[in-house]
1. Can you pull out every residue in the range 38-58 that is open to solvent by less than 40 Å² (accessible area, probe 1.4 Å), modelled with pLDDT of 95 or more and either assigned to a loop (DSSP other than H, G, I, E, B) or of a type in the set (Ser, Thr, Tyr) (or both)?
2. Regarding LEU80, is this residue without any contact (Cβ under 8 Å) to a residue 40 or more places away in the chain and either assigned to a strand (DSSP E or B) or over 14 Å from the mean Cα position of the chain (by Cα) (or both)?
3. Give the residues of the range 89-107 that are in contact (Cβ under 8 Å) with a residue 24 or more places away in the chain and surrounded by fewer than 17 Cβ atoms within 10 Å (Cβ to Cβ), sorted by residue number.
4. Given (1) buried (at least 20 other Cβ atoms within 10 Å of the Cβ); (2) without any contact (Cβ under 8 Å) to a residue 60 or more places away in the chain; (3) of a type outside the set (A, V, I, L, M, F, W, C), where does ASP61 come up short, assuming only one miss?
5. Scan the range 64-74 residue by residue and report those that are of a type outside the set (Asp, Glu), at negative phi and either assigned to a strand (DSSP E or B) or open to solvent by 40 Å² or more (accessible area, probe 1.4 Å) (or both).
6. Within the range 7-28, restricting attention to residues that are more than 15 Å from VAL48 (Cβ to Cβ), part of a strand (DSSP E or B) and in contact (Cβ under 8 Å) with a residue 60 or more places away in the chain, which residue is most open to solvent (accessible area, probe 1.4 Å)?
7. So which residues in the range 53-74 are closer than 15 Å to GLY35 by Cβ and among the small types (Gly, Ala, Ser)?
Amino acid sequence: VQPVVESGGGLVQPGGSLRLSCAASRTIFNNYFMGWYRQAPGKQRELVASISSGGSTHYPDSVKGRFTISRDKSKNTVYLQMNSLKVEDTAAYYCKGWFGTLEYWGQGTQVTVSS
């Protein structure tokens with residue numbers, strides 16, 4: 001069983017919305033920082049949203065106001081709601097849980113924004 005598993009990617013038109021889900025083990029969900037990264041072809045992997053176990057969030061300017069990260073304790077799941085999607089948001093999106101030097105990555109889910 002993988003510690004973190006993403007789902008919810010797909011094809012969407014510019015201006016559309018998608019919600020990604022990341023199911024984590026209870027230990028990771030309750031104690032680790034959780035975040036979403038993305039990597040487009042030929043580019044470095046970048047953080048797009050993070051949330052602490054206490055619920056504090058962080059976003060880079062590139063997605064601020066469009067993406068929202070949230071946690072559902074009843075499901076040990078972290079969500080990434082993506083609105084007003086742009087072509088440049090196209091990438092493989094990865095969920096990560098980390099605590100100190102420990103980190104767990106999901107397998108990734110593809111998001112393609114295209115008309």
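The values are calculated or read from the model by the stated rules, or taken from the named source; none is laboratory data. This is a predicted model, so every value here is computed, not measured. Here Cβ is always computed from backbone atoms with ideal geometry, including for glycine, and neighbour counts include all displayed protein chains. Side chains are part of the model used for accessible areas, which takes the heavy atoms of the whole protein and leaves out ligands, DNA and RNA. Shrake-Rupley method; radii C 1.70, N 1.55, O 1.52, S 1.80 Å.
1. Correct list: ALA40, SER50.
2. Against the criterion (without any contact (Cβ under 8 Å) to a residue 40 or more places away in the chain and either assigned to a strand (DSSP E or B) or over 14 Å from the mean Cα position of the chain (by Cα) (or both)), LEU80 does not qualify.
3. Passing the criteria: TRP98, PHE99, LEU102, TRP105, GLN107.
4. (1)
5. Across the range 64-74, the qualifying residues are LYS64, PHE67, THR68, ILE69, SER70, ARG71, LYS73, SER74.
6. LEU11
7. SER53, GLY54, GLY55, SER56, SER62, SER70
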